[in-house]
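Accompanying notes for the structure given below.
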Amino acid sequence: MNDLLDRIVLPVAGPDDAAATARALSDRDFGSILALNVIEKAGGAPDKASVEQREAVAEEAFAELEARLGPGADIETQVRYGTDVAETIFDAADDFDATAIVITPRGGSRWVRLLTGDVALSLVTDTDRPVVVLPDVDSADPTGDDGPTDSGGEDE
Amino acid sequence: MSESDQELARDLGFLEAYTIGLGTMIGAGIFVLPSIAAEQAGPASMVSFFAGGMVSLLAALSLSELATGMPKAGGSYYYVNRALGSFFGSIVGWGMWAGLTFASAFYMIGFGQYLFGIGGLGKFIGFLPEGSQIAISAAALVMAAILTGLNYYGVKETGALQNVIVLSLVGLIVAFLGLGALSGPTIEEFNPEGWPAVAATVGTVYVTFIGFEVIATSAEEIKNPSRNLPLAMIAAVVTPTLMYVGVMFVSTGTLTRDALADSDVPVATVAREIFDPLATGVSAIPFVDIGTASIGSFGALLMIVGAVLATVSSANASILSAARVNFAMGRDRILINWLNEVHDRFRTPYRAITATGVITLVLIAVNVGVGTLAEVASFMYLITYALVHVAVIVLRRADPDTYDPAFRIPDLLYPIVPIAGLVACLAILLQMRLIVQAIGGVIVVFGVAWYLLYARERAPSKSLVGEAIAPEPTAIADGEGRYRVVVPVANPETERDLLRLAAASAHAHEDENAEVIAVNVIEVPQQTSLSQDLEFEEERVDRQQELLATARDIAAELDIGLRTRAIVGRETGSVVLDVIEEENADHVLLGWQGRRSRRDHVLGSTIDPVIGRASCDATLVKLGPEDGRGEGDVMVLAGEGPHAPVAARRAGEFVSASDTDSSLTLFNVQEPGDGDEDEQSPEERGEELIATLAERAGIEDASYEARVEVAEDIEESVLDAAAEYDTICVGATRSGPVSQAVFGSLPETVGERTDRTVVMARGPEESAMSVREAIARRLAT
């Protein structure tokens with residue numbers, strides 16, 4: 001097994017993201033996974049969605065990931081809360097003693113990233129451990145209704 | 001989720017919770033409303049603001065109790081839906097949502113007025129229009145669209161920015177009040193329109209008070225909620241109330257009523273007047289030459305900036321709150337969940353935000369008038385808070401196990417607070433303008449129609465009103481906390497064994513002063529009156545007396561405390577349920593003949609309702625051959641069902657009460673494993689399960705034997721094994737009294753297909769009473 005993917009932290013934002021990540025990971029050897037969903041807190045300003053609603057999304061994402069990676073995968077799931085998503089992911093990686101953080105960026109125009117905060121960029125630039133960027137495989141997965149058409153539409 | 005994660009979710013202290021509340025409360029309304037309020041009621045409108053604050057204070061107390069008792073997203077909607085059921089849930093859900101969109105539209109038009117109204121920003125910047133209605137609407141539309149977009153894309157706002165905005169608003173208003181007071185406001189005629197106008201104005205200005213609800217919806221995120229939540233709520237109501245009263249005092253004291261009423265930007269206009277004399281003072285200093293107008297303009301401009309910040313942040317909070325109401329409605333299946341999908345990348349409930357945004361835009365475009373927007377928003381929230389007060393009373397009376405608020409309205413103020421709050425809300429609603437009542441009525445009717453056409457089927461009403469109306473069981477029970485077993489008896493042949501089994505259960509609770517209550521019911525058909533029929537039925541009464549006399553004899557023999565109750569009633573089932581309720585029983589034990597009933601019932605016309613609805617432990621016994629009735633070799637089906645531990649406990653009670661040689665076996669069947677090496681073997685799995693079960697049932701290690709079998713067909717294996725024992729105890733495999741089976745198919749099959757004694761058991765049922773049932777019970781007592 002590749003040492004780099006021995007203990008990985010897998011940030012998943014939602015079910016679609018989890019599906020893409022699972023696709024990207026499917027033909028690789030990997031060890032233990034910490035699937036992580038960070039619930040971003042505004043720290044005093046009103047949050048965009050209630051914590052409860054986002055916890056439900058996290059559960060969906062974990063379920064999607066587990067379903068796609070199959071019962072054989074060694075997956076631990078965790079929800080964390082933080083005002084800075086990248087920072088929270090690093091903390092989780094520390095606690096998990098991860099060999100790498102694995103992400104699968106899925107497009108998005110510069111404007112959108114500028115406005116909504118580019119977590120992937122912060123992960124790569126501020127990191128203290130390997131960050132593995134896997135390409136989003138545009139697979140011929142028959143159940144994949146979450147292909148690029150979907151994300152392309154949201155970029156505008 | 002682990003404990004520490006839960007703690008992380010709570011990131012709001014008192015100050016943060018207070019600023020969140022203040023952020024939506026302060027400003028928006030007070031920048032726009034003074035002209036409308038002054039027009040309606042003159043200087044006396046400050047009394048209207050004060051009254052609105054008091055009404056909100058009552059609501060804040062009730063909401064604090066509900067929010068700490070049920071910290072769930074959705075706020076008032078959630079509490080009302082939980083307490084009063086989905087009918088009122090639909091009304092309040094749609095009402096709040098509509099209220100928030102009307103409020104957003106109101107804030108946005110206020111925003112437009114401060115930019116392009118008469119005396120607005122357009123006055124100071126040459127190329128911008130001033131006093132143009134079209135420009136006002138356009139600005140409102142653009143800003144509403146921008147806010148919707150920002151929330152759709154999840155553009156990050158920080159708590160720091162929020163705090164800066166709130167603090168600058170507080171600073172601006174305090175400065176306004178201070179300088180205003182110094183400039184010596186004079187009020188000519190305090191109450192020109194009379195008190196009815198003042199009362200009517202409460203409804204208009206109430207929109208400024210809907211913001212503190214935000215604190216309740218954040219209950220799950222507040223640290224130490226029992227203290228911080230009520231304090232933040234009360235502070236977030238009291239602070240703006242005082243400021244509003246002060247702003248009205250300064251405004252009406254500085255400008256004439258007509259001048260104030262005509263202004264689109266009342267606070268800025270007043271500020272100009274206040275600042276002007278300052279300019280004279282400054283001009284008196286040699287070499288400093290500032291035009292009088294420029295100082296006044298500076299004051300006005302400051303207020304315009306404040307108004308812009310206030311209206312935008314209030315509208316922003318309203319849009320987000322509306323999306324949360326949608327989410328909570330979707331969670332309760334009152335609304336399609338499609339609306340609540342969270343965007344995969346932006347992580348926002350983008351559809352709900354878009355829907356709220358679009359309706360807000362429509363409301364701005366329709367241009368019903370800024371006052372009407374405010375009043376409809378007030379109307380919807382007054383209805384909501386009226387029902388919130390009712391919800392507190394219902395929850396206190398029904399007192400469900402899950403309701404344990406960290407903050408309770410102090411005894412001294414309960415039930416005064418919710419009752420006064422309810423009356424106050426209704427009083428304001430009643431004297432609002434007809435057009436407002438009509439629009440609000442349409443929204444309420446929409447909520448009702450939605451309930452009838454959509455929600456009723458999908459979200460079965462689980463109102464607690466029934467529990468609240470029903471007589472309190474503790475009032476009837478003697479309060480000794482006795483363990484009581486109710487045994488309906490009808491057949492002299494089985495009476496003895498049933499009482500003996502009930503006694504076994506009672507013996508196990510000897511330290512709780514246990515007693516057994518034998519009940520016999522004479523059923524009288526609907527058509528005849530209860531007394532009339534009895535005269536002809538002396539024979540039945542005699543038989544009843546005989547049956548219960550025998551019960552007493554048996555009890556004396558078994559050395560158990562027994563009471564008997566002879567009752568005449570329509571339906572044995574509901575009579576037995578009443579007895580269970582009245583006696584505050586802990587356990588009901590019934591006999592079953594082992595045959596399924598005809599079409600209408602599963603196990604029998606009495607058994608179905610009693611087992612299905614009794615709020616305590618329920619046990620159904622099919623008696624097998626003599627000498628093996630709850631004694632001899634007793635076997636427990638140790639499955640994974642929720643009630644298996646209850647069945648094991650019953651078996652343990654029987655064995656320890658039995659005076660013959662008895663044995664106890666916990667039996668478990670496992671499907672053969674798929675041969676995976678690292679997996680537990682089926683035997684190990686079964687043994688582990690049995691050990692856990694014994695522990696949960698409180699059965700000591702040495703007192704039972706564990707038996708695990710591996711078989712493909714679980715049912716057959718169970719039936720084969722059952723034949724080797726005298727008594728088989730099995731837990732219900734299902735909960736809730738809805739489907740075709742009362743206990744679940746496996747227990748019922750075992751009961752039907754073995755000739756042994758079969759004991760089916762389940763734990764307490766959590767089922768809410770219907771209103772009709774509750775009223776019937778109340779009338780019956």
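The values are calculated or read from the model by the stated rules, or taken from the named source; none is laboratory data. Just so it is clear, the structure is predicted and the values come from calculations on it, not from any experiment. Cβ coordinates were reconstructed from backbone atoms using ideal geometry, including for glycine residues, and neighbour counts include every protein chain displayed. For the accessible areas, the whole protein counts, side chains as well, though only heavy atoms, and no ligand, DNA or RNA atoms are used. Shrake-Rupley method; radii C 1.70, N 1.55, O 1.52, S 1.80 Å.
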Checklist entry - To the nearest 10 degrees, how steep is helix B:572-583 against the longest Cα principal axis of chain B, on a 0 to 90 scale? => result 70 degrees
Checklist entry - What are the ³J(HN,Hα) values, in whole Hz, obtained from phi via the Karplus relation 6.51 cos²θ - 1.76 cosθ + 1.60 with θ = phi - 60°, for each residue of region B:323-329 in sequence order, with x given for Gly and Pro? => result 5, 5, 4, 4, 4, 5, 5
Item to check | Straight-distance crosslink candidates among lysines, where the alpha carbon sits under 16 Å from residue A:48 and sequence neighbours closer than 8 are dropped | outcome: B:72, B:156
Item to check | Over chain B: helical MRE at 222 nm, DSSP H runs n ≥ 4 each giving -39500 (n - 2.57), nearest 500 | outcome: -19500 deg cm²/dmol
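Beta carbons within 10 angstrom, averaged per residue: use that to sort the peptides B:103-115, B:385-397, B:31-43, B:125-137, highest first.
Sorting B:103-115, B:385-397, B:31-43, B:125-137 by mean packing, highest first, produces B:103-115, B:31-43, B:385-397, B:125-137.
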Checklist outcome for this item: Dividing the alpha-carbon radius of gyration of region B:359-424 by 2.2 N^0.38 Å, where N counts its residues, gives 1.59
Checklist entry - Taking the simple approach of a point 7 Å from Cα along Cα-to-Cβ for both residue B:563 and residue B:256, what is their distance in nm? => result 8.0 nm
Checklist outcome for this item: Per the C-alpha gyration tensor (a ≥ b ≥ c, the square roots of its eigenvalues), region B:538-668 is rounded if a/c is under 1.5, else prolate if a/b beats b/c, else oblate; here it's oblate
Next on the checklist: Explain nothing, just the number: relative contact order of chain B, from Cα pairs under 8 Å at least 6 residues apart, as a whole percent.
Outcome noted: 16 percent
Checklist entry - Which values of log₁₀ I(q)/I(0), to two decimal places, follow from the Debye formula for the protein assembly as shown at q = 0.09, 0.10 Å⁻¹ with a uniform point scatterer at every Cα? => result -1.05, -1.17
Checklist entry - Residue farthest toward the positive end of the dipole of chain B, with Cβ of Lys/Arg at +1 and Asp/Glu at -1: which of B:652, B:407, B:22? => result B:22
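Could you sort the peptides A:24-31, B:643-650, B:422-429, B:73-80 by per-residue average Cβ neighbour count (10 Å cutoff), highest mean leading?
Highest-to-lowest ranking by the protection proxy: B:73-80, B:643-650, B:422-429, A:24-31.
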Checklist entry - In Å² (nearest 100), what accessible area is buried between B and A, both sides summed, heavy protein atoms only, 1.4 Å probe? => result 3300 Å²
Next on the checklist: Among DSSP bridges having both ends in the protein assembly as shown, what percentage is antiparallel? Round to the nearest 5.
Outcome noted: 10 percent
Checklist entry - Using modelled backbone amide H atoms (1.01 Å from N, in-plane), which distant-in-sequence or interchain residues come within less than 5 Å of residue B:517's amide H? => result B:485, B:486, B:487, B:563
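Is there a quick way to get the dipole size of chain B? I mean about its Cα centre, with the Cβ of Lys and Arg at +1 and of Asp and Glu at -1; what is the value in debye to the nearest 20?
For this selection, approximately 5040 debye.
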Checklist entry - Helix B:266-283 versus the longest principal axis of chain B: what angle, 0 to 90°, nearest 10, using Cα atoms? => result 40 degrees
Checklist entry - What net charge do the residues around residue A:54 carry, taking every other residue with its C-beta under 11 Å from that of residue A:54, with Lys and Arg at +1 and Asp and Glu at -1? => result -3
Checklist outcome for this item: Along region B:297-309, Karplus-curve 3J(HN,Hα) (6.51, -1.76, 1.60; θ = phi - 60°) to the nearest Hz, with x for Gly and Pro, reads 5, 4, x, 4, 4, 4, 5, 5, 4, x, 4, 5, 4
Next on the checklist: Using the crude model of +1 on Lys and Arg Cβ and -1 on Asp and Glu Cβ, and no other charge, please compute the dipole size for region A:3-136 relative to its Cα centre, in debye to 20.
Outcome noted: 520 debye
Item to check | Magnitude of the charge dipole, the protein assembly as shown, Cβ model with Lys/Arg +1 and Asp/Glu -1, debye to 20 | outcome: 5580 debye
Checklist entry - Peptide B:162-169: average number of partner chain Cβ atoms within 10 Å per residue? => result 1
Checklist entry - For region A:3-136, with every protein chain kept in place, what is the accessible area per residue (1.4 Å probe, Å²)? => result 41 Å²
Checklist outcome for this item: A correct Karplus calculation of ³J(HN,Hα) over region A:53-64, with 6.51 cos²θ - 1.76 cosθ + 1.60, θ = phi - 60°, whole Hz and x for Gly and Pro, returns 5, 6, 5, 5, 4, 4, 4, 4, 4, 4, 4, 4
Item to check | Degrees separating the helix B:434-450 axis from the principal Cα axis of chain B, which is the longest one | outcome: 30 degrees
Item to check | Three-way shape call for region B:102-247 based on the alpha-carbon gyration tensor, with the a/c threshold at 1.5 | outcome: oblate
Checklist entry - Expressed as a whole percent, how much of the Cα-Cα distance distribution for region A:3-136 exceeds 23 Å? => result 28 percent
Item to check | Shielding by partners - mean other protein chain Cβ count within 10 Å, residues of B:152-159 | outcome: 6
Checklist outcome for this item: Non-local residues with an amide H under 5 Å from the amide H of residue A:132, with H modelled 1.01 Å from N and Pro and chain starts lacking one, are A:101, A:102, A:103
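For residue B:510 and residue B:412, compute 0.36 nm times the residue count separating them, minus their Cα-Cα distance, and round to one decimal in nm. Present the calculation step by step, with values, prior to reporting the outcome.
Numbers: separation 98, 0.36 × 98 = 35.28 nm, distance 3.95 nm.
Additional length available on full extension: 31.3 nm.
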Next on the checklist: Threshold 30 Å², probe 1.4 Å: give the residues of region B:296-340, in number order, that are less accessible with all protein chains present than with their chain alone.
Outcome noted: B:320, B:324, B:327
Next on the checklist: At R0 = 60 Å, how high is the FRET efficiency between residue A:128 and residue B:404 if r is their beta carbon distance? Nearest 0.05 is fine.
Outcome noted: 0.85
Item to check | Of B:222, B:124, B:346, farthest towards positive along the dipole that unit charges on Lys, Arg, Asp, Glu beta carbons give chain B | outcome: B:124
Checklist entry - In square nanometres, what is the average projected area of the Cα convex hull of chain B? => result 42.6 nm²
